[in-house]
Amino acid sequence: MMPNKEKLRERFLRDPLPRSLGGLAATLGRISSNARESTDPLNKDQRTLLSVQAKHWSDRALDFSGLLKS
């Protein structure tokens, strides 16, 4: 499993910063969505808090990336 993690790390470090931040924003967006819709061991309040916080971080990462600026 370590070689896969290392490959991901290398790719993350090799990609331009805007692309890395965009990928991070997308991952955080998926976490937010999954937390809202999931039936995992967390209670509903914890899932809601996780969803809101992950969405906030996703929005900030996307903003920092500059990918949406015209």
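There is at least one residue in region 28-49 that is exposed (fewer than 13 other Cβ atoms within 10 Å of the Cβ), within 21 Å of Leu67 (Cα to Cα), out of contact with any Leu (no Cβ under 7 Å at 6 or more places or on another chain) and free of Cβ contacts under 8 Å to residues at least 60 places away in the same chain. Of the numbered criteria (1) within 24 Å of Leu68 (Cβ to Cβ); (2) not in a helix (DSSP H, G or I), the one Leu24 fails is (2).
For region 7-25, what are the residues that are charged (D, E, K, R) and at pLDDT 90 or above? Listed by number, the residues that qualify are Arg14, Asp15, Arg19. Only one of the numbered conditions (1) exposed (fewer than 14 other Cβ atoms within 10 Å of the Cβ); (2) hydrophobic (A, V, I, L, M, F, W, C); (3) under 13 Å from the mean Cα position of the chain (by Cα) is not met by Ala54, and that is (1).
The values are calculated or read from the model by the stated rules, or taken from the named source; none is laboratory data. Please read these numbers as outputs of a predicted model, since none were measured by experiment. When we count neighbours, we look across all protein chains shown, and the Cβ atoms used for this are built from the backbone with ideal geometry, even at glycine.
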